[in-house]
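Contents: one structure, followed by commentary.
The values are calculated or read from the model by the stated rules, or taken from the named source; none is laboratory data. Because the structure is predicted, anything quoted here is derived from the model rather than measured. Cβ atoms come from the backbone with ideal geometry, glycine included; neighbour counts cover every protein chain shown. Just the protein is used for accessible areas: all its heavy atoms, side chains included, with ligands, DNA and RNA removed. Shrake-Rupley method; radii C 1.70, N 1.55, O 1.52, S 1.80 Å.
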Amino acid sequence: MGTEPQHAVVDGDACLLRMRGISKSFAGVVAVDGVDLQVRAGECLGLCGENGAGKSTLMKVLSGVYPHGSYGGEILIDGVPLHAHSVADSERAGIAIIHQELMLVPELSVTENIFLGREIRRFGGRMDYPAMHQRAEALLRELGIDGIKVGQPVLYYGSGHQQLIEIAKALGKQARLIIFDEPSSSLTATETRTLLAIVADLKRRGVACVYISHKLDEVAEVCDRVTVIRDGRHIGTQPMAELDTHRIVTMMVGRELGQMFERKPHAIGEVVLEASHVTCLDVVNPRRKRVDDVSLQVRRGEILGIAGLIGAGRTELVSAIYGAYPGTWQGELRIDGKPVRVRSPQAAVRAGLCMVPEDRKHHGIVPLMGVGPNITLSVLGHYARAGVIDGNREAHAFHHEMRRLNVRASSPMLPIASLSGGNQQKAVLTRMLLPEPKVLILDEPTRGVDVGAKQEIYRLIFDLAARGIAIIVVSSEMPEVLGLSDRVLVMADGRVCGDFINDGLRQEDLLAAALALPHRIENA
Ligand SMILES: Nc1ncnc2c1ncn2[C@@H]1O[C@H](COP(=O)(O)OP(=O)(O)OP(=O)(O)O)[C@@H](O)[C@H]1O
Ligand SMILES: [Mg+2]
């Protein structure tokens, strides 16, 4: 009963990029199935589809990650066939990609990452660091970012800053076509505005862009046309002027979606988790406090949202509570009134605390292990008899869990790293629910997740709250914080600067609180 493919007419000659009948399979599983796509110079094309629809795969075909010969179909740049055998080949053809998963080398400095593979050299071949630093600084300035020292290794920066560095790196390549694969997933509102302004500017300079995002309001704002794919197939391409976000969603999922937040009445009970006077020192510069004397309480069945800008200390706070903060920290923790010492995530899980981390690539998953085993990893002991794992019981459990959250993978033994971004997130979430925690901490739970999956995750969070689990949700998406939370804490500069009961609370209230500190005022 599919929607008939709709094609907006594009004058063939004016196209910078033409992809015709692109197909790509992995071990016999079709990820992209005969997709056509065109982009003109100076145009931004939105590429939309559910998690696992094939967007990233299609763009990896274009950018040479999957070399010529490993996919079907044809790519033309200015009408000339492109046979890229590597990323370097596609870069020479003027294509740059900002990958969905951060690809920076953590140990190298910001400058070295930005110039990786195209270092500026002096006569004699030595690297010209002053010139590269200067250029890197200029790029970051262009992006309107401060607070990044270009000589510092990238690992000192959180995922928000890393994403900005990644964007700077792509811009530095002076490409004719730039692919943005979920560029704003770790950015807050202010930085996203900067990003959208940059895309608008690129368009004015005649650069072509492909913009992939689950944040459809961004797509609506910056894209001229939108191509929707579903299950690897092209569903339609239309000018944005003839679309709205609602229509895009319907094309993406093939049906109408209901209410995003179906709040269920849930009873809020006694205090389960109490954290007092938590202070976290910066890993690099211990004189700086990332979290400064924060105390909080969460009750049974309560959903506590934590809002704030990047660098406000939210992730540091919840990592400390979960025993995963890499630096020095102090503070007291009580669960059900009893003091607990949580010095590692394992200890946290034993105490009844689970966390789904923001950066799943580094803390959430074992990349090359199957999806299924990744899910049951934290509770392997449950499936052991006399110390031996009962493989059948374990398999039964992960099959069940994968169905429950609709984790899409051709097999539970497929390495989790090869799943689409959103499906990885669902798998990590599923895994943390298995130990039946008293307190569940979710750091950016729907980052990179499509609208349908978001709805599933929200429903699950309300269900868990109704079952009496105390939940902390850290999120940069204001609608998400407001839609989920019973109570909202706003953090800025490591401190709590607002504590609200969510009764008709508005985005403006949260923003005002986050920006209230005098040295924080920005002209966003
Ligand atoms: N290296 C791989 N090996 C096996 N299967 C893969 C591999 N890469 C992608 N896939 C599969 O191909 C399909 C498309 O994945 P892709 O990453 O392109 O989706 P996506 O549209 O980018 O989704 P998301 O919005 O979640 O990022 C998925 O079913 C995924 O599991
Ligand atoms: Mg993707």
Does residue 109 satisfy the condition of being under 23 Å from the mean Cα position of the chain (by Cα), within 27 Å of residue 445 (Cα to Cα) and either in contact (Cβ under 8 Å) with a residue 40 or more places away in the chain or surrounded by 18 or more Cβ atoms within 10 Å (Cβ to Cβ) (or both)? no
Among residues belonging to the range 138-170 that are of a type in the set (D, E, K, R) and over 22 Å from residue 60 (Cβ atoms), point out the one that is most open to solvent (accessible area, probe 1.4 Å). 141
Consider the range 436-468. How many of its residues are touching a Ser or Thr at 6+ places or on another chain (Cβ under 6 Å) and either at pLDDT below 80 or closer than 12 Å to residue 484 by Cα (or both)? 3
Within the range 463-489, residues in contact with a strand residue (DSSP E or B) (Cβ under 8 Å, 6 or more places away or on another chain) and assigned to a helix (DSSP H, G or I) come out as 464, 465, 478, 480, 481, 482, 484
Is it the case, given these coordinates, that residue 219 is at pLDDT 90 or above and within 16 Å of ligand 2 (Cβ to nearest atom)? yes
Exactly one of these conditions fails for residue 297: (1) assigned by TED's automatic domain parsing to the domain that holds residue 30; (2) open to solvent by 60 Å² or more (accessible area, probe 1.4 Å). Give me its number. (1)
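Yes/no per residue for (1) crowded, with 22+ Cβ neighbours inside 10 Å; (2) at pLDDT below 85; (3) out of contact with any Asp or Glu (no Cβ under 7 Å at 6 or more places or on another chain):
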position	(1), (2), (3)
306	yes, no, yes
311	no, yes, yes
317	yes, no, yes
320	yes, no, yes
323	no, no, yes
328	no, no, yes
361	no, yes, no
378	no, yes, yes
383	no, yes, no
Hey, residue 306 in a helix (DSSP H, G or I) and either outside the structural domain of residue 154 (by TED's automatic domain parsing) or among the acidic types (Asp, Glu) (or both) or not: no
Per the list (1) open to solvent by less than 30 Å² (accessible area, probe 1.4 Å); (2) within 16 Å of ligand 1 (Cβ to nearest atom); (3) over 28 Å from the mean Cα position of the chain (by Cα), residue check on residue 73 breaks on (1)
Here is a list of conditions, (1) within 22 Å of residue 322 (Cα to Cα); (2) modelled with pLDDT under 85; (3) open to solvent by less than 30 Å² (accessible area, probe 1.4 Å); (4) more than 16 Å from ligand 2 (Cβ to nearest atom), and residue 394 meets all of them except one; can you say which number that is? (1)
Quick count over the range 249-278, residues being within 27 Å of the chain's Cα centre (by Cα), over 25 Å from residue 482 (Cβ atoms) and open to solvent by 50 Å² or more (accessible area, probe 1.4 Å), is 1
Could you list all residues from the range 408-445 that are under 19 Å from residue 359 (Cα atoms) and near ligand 1 (Cβ under 10 Å from one of its atoms)? 415, 416, 417, 418, 419, 420, 421, 422, 423, 424, 425, 426
Qualifying position, being surrounded by fewer than 16 Cβ atoms within 10 Å (Cβ to Cβ) and among the hydroxyl-bearing types (Ser, Thr, Tyr), among 86, 90, 56, 63: 86
Within the range 440-448, identify whether any single residue is basic (Lys, Arg), open to solvent by 10 Å² or more (accessible area, probe 1.4 Å) and more than 13 Å from ligand 2 (Cβ to nearest atom), and answer yes or no. no
Pairs where the first residue, in the range 35-62, is charged (D, E, K, R) and the second is within 16 Å of ligand 2 (Cβ to nearest atom), C-beta under 6 Å, 6+ apart: 50/252; 50/450; 50/452; 55/47; 55/49; 55/212; 60/66
Run residue 73 past the list (1) more than 30 Å from residue 25 (Cα to Cα); (2) outside any loop (DSSP other than H, G, I, E, B) and report the number of the one that doesn't hold. (1)
When the range 473-502 is checked residue by residue, the ones that are loosely packed, with under 13 Cβ neighbours inside 10 Å and at pLDDT below 90 are 479
